[in-house]
Amino acid sequence: MKYPIAIEPGSDTQAWGVVVPDLPGCFSAADEGIDAAIDNAKEAITLWIETAIDEGQTIPGPSSITVLQSDPTYKGWIWAIVEVDPALIDDTIERINITLPRRILARIDARARQAGESRSGYIAHMALMQ
C-alpha cells in the first residue's frame, strides 16, 4: 500500500512536519531534513495501523495524491508517497516452523499455560507487546 504524505518544509529553526491525510491523527516530524521526515512518516504510519488493528478499527485505504494535492490546507507543502508492507494488515493464519532449544520451548510452554494460552497464542501475544 502506498500512502501519500504532505510534508511542510522545515528550516534551520523549524522541524519538517509530516501529515498523513488518509490516517486521522497520523503525523510526524524531523529536524534532519526531508529524508528523515519521510522515514519518520513511514514509522508513524506503521504504528498508526498497528494501533488501529489492535483497537479493532478499520484501516482507510490510500487516496489519490492528485485529489489530496487540491486541498488548500496543504498549499506549499511537498508531497511524497510512503510504501507500507501489506502484510502489516493481513490477518491470514500461516503455519511456520521454528527451531528453538528445548529449555526455551519448555519456558514458553510453562508461561503459556500460566497465561491460559496456547503456545502459538502466547508467542503472538508476546510479539505484539513489544
Taking Cα atoms only, helix 119-129 is inclined relative to the longest principal axis of the chain by an angle, in degrees rounded to 10, of 30
Zone reached by a paramagnetic label modelled 7 Å from Asp54 Cα along Cα→Cβ, restricted to segment 105-125 with backbone N below 15 Å, covers 124-125
Asserting the computed 222 nm helical MRE of the chain (DSSP H runs at least 4 long, -39500 (n - 2.57) per run, divided by residue count, to nearest 500) equals -12500 deg cm²/dmol
Answer in debye to the nearest 20: the dipole magnitude of the chain about its Cα centre, from +1 Lys/Arg and -1 Asp/Glu charges placed on Cβ, is 860
In terms of the charge dipole of the chain, which places +1 on Lys and Arg and -1 on Asp and Glu at the beta carbon, the residue among Ser120, Ser70, Gly17 farthest towards the positive end is Ser120
So Gln69 and Glu83, fully extended at 0.36 nm per residue minus their Cα-Cα distance, gain in nm 3.2 nm
Taking trypsin sites (Lys or Arg not before Pro) as exposed when in a DSSP loop with at most 11 other Cβ atoms inside 10 Å, the chain has its longest clean stretch at 1-74
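Coordinate-derived values only; no laboratory data. Source: prediction; values computed, not measured. Counting neighbours? That spans all protein chains shown, and the Cβs are built from the backbone with ideal geometry, glycine included.
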